[in-house]
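To start, the structure under review is shown below, and the notes come after it.
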Amino acid sequence: MAKVQALDYDVDKYLEEQGYDDHFHEHEHGDKYKVSFISKYIFSTDHKTIAKQYLITGMAWAFIGAFFSLIFRLQLGFPDMDLSWLRPILGGWININSEGVGSLSPDFYYAMVTIHGTVLVFFVLTAGLSGTFSNFLIPLQIGARDMASPFLNMLSYWFFFLASVIMLLSLFLESGPFAGGWVAYPPLSALPQAMMGSGMGMNLWLFSLVFFVVSVLLGGLNYITTVINLRTKGMSFWRLPLTVWSFFVTAIIGLLSFPVLVAGFVLLLLDRLLGTSFYLSDIFIAGEPLHHVGGSPILYQHLFWFLGHPEVYIIILPAMGIVSEVMSTHARRPIFGYKAMVYSIIAIGFLSFLVWAHHMFVSGMDPFLANFFILFTLIIAVPSAVKVFNWITTLYKGNIHLTVPMLFAIGFVSFFISGGLTGLFLGNAPIDIQMHDTYFVVAHFHIVMGVAAFFGMFAGIYHWFPKMFGRYMNQTLGKIHFWLTIVAAYMVFWPMHYLGVAGVPRRYYTFDSFVNFSQFDTLNQIITIFAFVGFTAQLLFAFNFFYSIFYGKKVSERNPYRANTLEWSAPTNPGHGNWPGKLPVVHRWPYDFHKNGSDYRPQYVPLDPDERDVH
Amino acid sequence: MTALVATIAYVLLLGIIILISFINDVHIDMRRDDPDFRVKQYRRSAVGLLVFAALFFALTFGSAYWYKDFMLGYGPHKAASEHGPEIDSLFNITLFFTGLVFVLATAALFWFAFKYRHVRGRVASQFAHSTKLEMIWTVVPALVMTILVVKGIVSWNKITADVSEDEEYLEIDITGQQFLWNIRYPGKDGKLGAKDFRLIEPGINELGQDWTDERNHDDFFAEELILPKGRKIKLRIYAKDVLHSVFLPHFRVKMDAVPGMPTYAVFTPTMTTEEYRRRLAKTKTYQRPADPDDPESDPLWKVFDFELACAELCGIGHSSMRRVVKVVEPEEFDKWFSQQKSYYMENIRFTEHDPYKDKLLPQEISQRKSDFETRFNRALSAEEEAKRSIELRHVEFKTGSAELSPLSRYELDFVVEALKAHPNIRLEIAGHTDNVGNEEMNQKLSLARAKAVYDYLVSKGIAPDRLKTVGYGATQPKASNASESGRSANRRIELKIIK
Ligand code: HEM
Ligand SMILES: [Cu+2]
Ligand SMILES: [Cu+2]
């Protein structure tokens, strides 16, 4: 067995001798990266600050969304519990009966479910995940000083902020926020008389999401341009870390699909505000017939899912990139099948546009269409499977450092396996007849998207925290966070498969009316209890995160994990511009671990005379 | 108070966890230069992962077994429709392949994480690419997908096929609204009548049925979805306000109800409710009392019913859109079906909502005609003179007037026909009233009404000398004038046959 040298590369020497001089200093005191308090911490154009803004805003939303889920889980697990103690927080959302017993009103039950879904999908797992890490890592990992347009980048965050403010405001409306489900299907979402949340709440919901899309588009445009144009010398596409590849493809998917969602939303707004009939026809509601004829609610579903399915990959691809990077680094071993990983990211990105109607098998669309969507949906499982096998093989014969980020990366793969496989049931239309809109779907997407994406995000936060804040998070708390979360998440979502196979529909306020659906009290109680356990774990995480920003152990080495990617060649607390002097020049792919007897070889290290950069 | 104590205990618990973590991290930091310590740390996590994987598998299989009696398609639950087993078998094939991958991939993941954890001196493999391996795990899943796709597509097209022209099937209209299902059967003609949302009137015409469409005239509503075993059913699915979805879990049927766009679902029930209950009764799970708090309550299998649920979020009452579904033997179904009363005839006919309120429908004409002819012939052949009289049951006048109601002409036309068929008989037309108003007025009114009948018959070509009119006023009541129904019976025209 060859002995491995624990090398420490003298980064500064490499940069000085090999680096690429873009005459950064000469601009430094000019306009470009001027710094005052406001422009440093608030209206910052530094991609690293913007990343942190995304992260912290996303975390705030995650807690709001998670808090709502606890309340509606209480309703499902313990419907008879007295909730009057929640009045100080939730006010009129809690009904108090004549005996003083408080319960959650159905209007607000649905409001919470809806806001939970909306903010987790869009604000947390899109903005909080892709927004954070694309911003933080793209320039640092490709050796760029910032995004192509730092100003648009800042604008992107502030549009997200505006979207957040509007959504937050809607929570305080007398009639409550929108309550018709995160997919907002009309006519329920189009007609104020259909439910309380479909009035002003829905207007704010739509405005908020339109601003959100603007934010995504501005961000995505920037990520794409930056990756294409600002790669440092030697950083060819085949030398990009998988993180950057995944952010790049994610941004392209977003750019192509989000505008379709906006189109769908605009038509919905027109139906709501101007009385057009894009989605409405033959409706009799609240005692009178409406004038609308000729519209089709199915049209909305097509427009929504044309984004909606790519959106799930917009969420998961960045997590996949992060996990690939974290796994390779902590297993001290090249990622297995780098090119296959890249090709599957591209394949998934491409195929994700051809499967949307698998959400609509029983929507009333022509059953003939389903043939194609079954085909493409099951095809997309192939690149997904390839990725899973590659991760597993990356662990094979590795030298695995079971650090907190590595644990979360392993957890990610487990959840992606468990949840991805149930997609094969749902993608096959005959089975979906039975499973659609049951708890089986809830189990599927929470495991594959919700939990897996969170695990990817946690892996990323624990891994890059030292780079972001120059300090470490508490490891023991991190491990407790991991164990509580993995156990709680499986205990919450696994049993939902059984509910689904038993036929229990999702989005039910209560199961009492049905003989067949009301047999699962114990199961529902277990789920609710573990939801609280999981939430507790996140409180520990939040404490660890914020405490460590200010008081965590200081990072003393520039490259604590001995990683190969370029961000670790920048100073521990990089200023705006990332590298104070020359930019690193790239000579190799990012996964040269344990190569030719050296523990790791960063990308800026030139090849040995007899060495070739093949992978 | 308890809430306060619980909160304090919770915060305390968090505090303790945090405190311990900090102490532990200081400990870790002190030994950061000891490589054996790190190895030990990783070992602990690795063992944790292994234990987790073991528990995960145990719980997965244990809980699946534990709940199997509730899972549709497993335990006592067999699909109750003809296409159901096809879906279940596709489910099982998918479960087989995915189960295999799940176990192997999860086991490999956790095992490798354990086995290849960092220990001193371990050198990681350089193995980063293998065309052969990567081909294998691209091609094998692709082959499995091919099997699933082909089977899936074949089943799908079979299951979603519409009924064909020459097939026998029962059509039922299911219309969702906030928050209930309307269930409409086609009546004896086997056809559902047309409808239009603009005709909807709550409480009167819930579905907006177009009453000028005769197919509507025998349609009826039911509170439960009653289905005959073994016959093909076509559900015609509509929504009045927002999206709903017809979900019949035991039959593996689901289809959205879309305003403005009718959809359908075709299936054939294969098990009656009773048969299904008997299957359930064999398992312990369903022998438990239905109400867990009351050991005396009926066992679960006995209170079991097939159910129709809504599976598309439709507002705050979404979870209350339930209908019982009852599958019965076809004979029982036919009997039930023939006993149902048409909604139109019972609730709409001759009301202001009836477009035909001034007209008789062909079947009503023939019914009345045969009723009239029977009575007429009986009277004609009666021995006693007192029995040679018949009442015109459908000749009516406006209150206080001698103007014939429009519908009176049908029965008068029968009279014309009868007189023409029997040229040698003559009639005495007798008017009667109730006792409301003064006697003289009643007398005059009854005569005037008899005269109106006389005029009508003459206008139809009956010779005046064959007819004679009398007004009896209120002098010959045939029922008590104390009630409205009695008074109504007393206001009448009678014909006496004179040979
Ligand atoms: C093997 C790959 C996958 C397949 C074949 C698949 C298939 C499906 C299908 C057919 C549905 C619709 C089920 C229904 O509503 O009846 C669905 C729902 C969903 N899937 Fe997947 N899926 C896969 C992977 C993923 C991934 C990777 C994600 C996200 C990261 C994801 C997220 C979702 C979400 C969010 C929904 C539910 C949307 C809703 O109704 O609210 N799926 N999936
Ligand atoms: Cu999808
Ligand atoms: Cu409904």
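May I ask you to list the residues in segment A:476-490 that are closer than 13 Å to A:H446 by Cα and more than 9 Å from every other protein chain (Cβ to nearest Cβ)?
A:A488, A:A489
Does segment A:372-382 include one or more residues that are in the same structural domain as A:V442 (by TED's automatic domain parsing), within 14 Å of ligand 1 (Cβ to nearest atom) and among the small types (G, A, S)? Spell out how you get there, then give the answer.
As a first pass, look at segment A:372-382 and keep what is in the same structural domain as A:V442 (by TED's automatic domain parsing): A:372-382.
Within this subset, residues satisfying the condition of being within 14 Å of ligand 1 (Cβ to nearest atom) are A:372-382.
Still in the list and also among the small types (G, A, S): A:381.
Scanning segment A:372-382 turns up at least one residue that is in the same structural domain as A:V442 (by TED's automatic domain parsing), within 14 Å of ligand 1 (Cβ to nearest atom) and among the small types (G, A, S).
Table: residues versus (1) closer than 17 Å to B:Y116 by Cβ; (2) within 16 Å of ligand 1 (Cβ to nearest atom); (3) of a type in the set (A, V, I, L, M, F, W, C).
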| residue | (1), (2), (3) |
| --- | --- |
| A:A319 | no, yes, yes |
| A:E325 | no, no, no |
| A:H330 | yes, no, no |
| A:K387 | no, yes, no |
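Please pick out the residue among B:E206, B:E134, B:E165 that is without any contact (Cβ under 8 Å) to a residue 60 or more places away in the chain, among the acidic types (D, E) and assigned by TED's automatic domain parsing to the domain that holds B:S45.
B:E134 is the lone residue from the list that is without any contact (Cβ under 8 Å) to a residue 60 or more places away in the chain, among the acidic types (D, E) and assigned by TED's automatic domain parsing to the domain that holds B:S45.
Scan segment A:183-205 and report the pairs whose first residue is at the interface with chain B (Cβ under 9 Å from one of its Cβ atoms) and outside any loop (DSSP other than H, G, I, E, B) and whose second residue is among the acidic types (D, E) and surrounded by fewer than 24 Cβ atoms within 10 Å (Cβ to Cβ), with Cβ atoms within less than 7 Å and a gap of 6+ or a chain change.
A:M196/A:D107
Take the conditions within 16 Å of ligand 3 (Cβ to nearest atom) and either hydroxyl-bearing (S, T, Y) or within 28 Å of A:A190 (Cα to Cα) (or both) and apply them to A:G364. Does it pass?
So A:G364 fits the description; yes.
Consider A:Y396 against the criteria (1) crowded, with 22+ Cβ neighbours inside 10 Å; (2) more than 15 Å from ligand 2 (Cβ to nearest atom); (3) farther than 22 Å from B:F61 by Cβ; (4) in contact (Cβ under 8 Å) with a residue 40 or more places away in the chain: it satisfies all of them except one. Which criterion is unmet?
(1)
Determine the pairs where a residue that is closer than 13 Å to B:H83 by Cβ and in contact (Cβ under 8 Å) with a residue 24 or more places away in the chain, located within segment B:252-268, has a partner that is assigned to a strand (DSSP E or B) and small (G, A, S) with Cβ atoms under 7 Å apart, the partner being 6 or more residues away or on another chain.
That search, which allows pairs on different chains as well, returns B:R252/B:S81; B:V253/B:S81; B:V253/B:A265; B:K254/B:S245; B:F267/B:S81; B:T268/B:S81.
Among the numbered criteria (1) over 21 Å from the mean Cα position of the chain (by Cα); (2) buried (at least 24 other Cβ atoms within 10 Å of the Cβ); (3) more than 10 Å from chain B (Cβ to nearest Cβ), which one does A:G470 miss?
(2)
Among the numbered conditions (1) more than 23 Å from A:P297 (Cα to Cα); (2) within 16 Å of ligand 3 (Cβ to nearest atom); (3) in a loop (DSSP other than H, G, I, E, B), tell me where B:L313 comes up short.
The number of the failed condition is (1).
Pull up segment B:110-139, narrow it to residues that are of a type in the set (S, T, N, Q) and farther than 24 Å from A:I374 by Cα, then point me to the one that is nearest to the other protein chains (Cβ to nearest Cβ).
Restricting to residues being of a type in the set (S, T, N, Q) and farther than 24 Å from A:I374 by Cα, the top hit is B:S125.
In segment B:142-193, what residues are among the polar types (S, T, N, Q) and facing chain A (nearest Cβ under 10 Å)?
The answer is B:T146, B:S155, B:N157, B:T160, B:Q177, B:Q178.
Just checking, how many residues over segment B:295-321 are facing another protein chain (nearest Cβ under 7 Å) and among the acidic types (D, E)?
Going through segment B:295-321 one residue at a time, the tally reaches 3.
Taking the residues in segment B:337-358 that are assigned to a helix (DSSP H, G or I) and surrounded by 15 or more Cβ atoms within 10 Å (Cβ to Cβ) as candidates, determine which candidate is farthest from ligand 3 (Cβ to nearest atom).
B:M345
One line per residue, one yes/no per condition, for (1) more than 12 Å from every other protein chain (Cβ to nearest Cβ); (2) surrounded by fewer than 19 Cβ atoms within 10 Å (Cβ to Cβ); (3) more than 27 Å from the chain's Cα centre (by Cα); (4) not aromatic (F, W, Y):
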site: A:L539; (1), (2), (3), (4): no, yes, no, yes
site: A:N559; (1), (2), (3), (4): yes, no, no, yes
site: A:A570; (1), (2), (3), (4): yes, no, no, yes
site: A:D599; (1), (2), (3), (4): no, yes, yes, yes
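Which ones in segment A:287-344 are within 8 Å of chain B (Cβ to nearest Cβ), under 25 Å from A:L270 (Cα atoms) and part of a helix (DSSP H, G or I)?
Selection gives A:P297, A:I298.
Need a quick list: helices (runs of 4 or more DSSP H) entirely within segment A:416-518 having at least 3 residues that are more than 16 Å from ligand 3 (Cβ to nearest atom) and more than 18 Å from B:H250 (Cα to Cα).
A:439-445, A:452-469, A:475-501
Does B:T469 qualify as being within 25 Å of B:F350 (Cα to Cα), modelled with pLDDT of 90 or more, assigned by TED's automatic domain parsing to the domain that holds B:E494 and among the β-branched types (V, I, T)?
Considered against the rule, which asks whether it is within 25 Å of B:F350 (Cα to Cα), modelled with pLDDT of 90 or more, assigned by TED's automatic domain parsing to the domain that holds B:E494 and among the β-branched types (V, I, T), B:T469 comes out as no.
Look through B:A79, B:A142, B:A107 and report the one residue that is farther than 25 Å from A:F368 by Cα and outside the structural domain of B:P269 (by TED's automatic domain parsing). Reasoning before the result, please.
Values: B:A79 fails: farther than 25 Å from A:F368 by Cα; B:A142 fails: farther than 25 Å from A:F368 by Cα.
Exactly one of B:A79, B:A142, B:A107 is farther than 25 Å from A:F368 by Cα and outside the structural domain of B:P269 (by TED's automatic domain parsing), namely B:A107.
Only residues that are part of a loop (DSSP other than H, G, I, E, B) and under 22 Å from B:Y410 (Cα atoms): list them for segment B:447-499, please.
Passing the criteria: B:K460, B:G461, B:I462, B:A463, B:R491.
Return the pair list, or none, for Cβ contacts closer than 6 Å from residues in segment A:435-449 that are of a type in the set (S, T, N, Q) to residues that are in a helix (DSSP H, G or I), at least 6 apart or on different chains.
Note: pairs meeting the criteria are A:T438/A:G500.
Suppose we keep only residues that are more than 9 Å from every other protein chain (Cβ to nearest Cβ) and within 16 Å of ligand 1 (Cβ to nearest atom) within segment A:166-182. Which one would you say is nearest to A:G92 (Cα to Cα)?
This residue is A:F178.
Could you check how many residues of segment A:94-117 are within 29 Å of A:A51 (Cβ to Cβ) and either buried (at least 24 other Cβ atoms within 10 Å of the Cβ) or among the hydrophobic types (A, V, I, L, M, F, W, C) (or both)?
Within segment A:94-117, residues that are within 29 Å of A:A51 (Cβ to Cβ) and either buried (at least 24 other Cβ atoms within 10 Å of the Cβ) or among the hydrophobic types (A, V, I, L, M, F, W, C) (or both) number 2.
Examine segment B:72-88 for a residue that is within 7 Å of chain A (Cβ to nearest Cβ), under 20 Å from A:L424 (Cα atoms) and touching a Lys or Arg at 6+ places or on another chain (Cβ under 6 Å), and state whether such a residue exists.
Yes, segment B:72-88 has at least one match.
Take A:F265 and decide whether it is out of contact with any Ser or Thr (no Cβ under 6 Å at 6 or more places or on another chain), away from ligand 2 (no atom under 16 Å from the Cβ) and under 15 Å from A:G131 (Cα atoms).
no
Restricting to segment A:352-377, and then to whatever is part of a helix (DSSP H, G or I) and within 23 Å of A:T250 (Cβ to Cβ), can you tell me which residue is farthest from the other protein chains (Cβ to nearest Cβ)?
Taking the candidates together, the pick is A:W356.
The values are calculated or read from the model by the stated rules, or taken from the named source; none is laboratory data. These numbers were taken from a predicted model, which means no experiment stands behind them. FYI the Cβ positions are ideal-geometry reconstructions off the backbone, even for glycines, and counts take in every protein chain you see.
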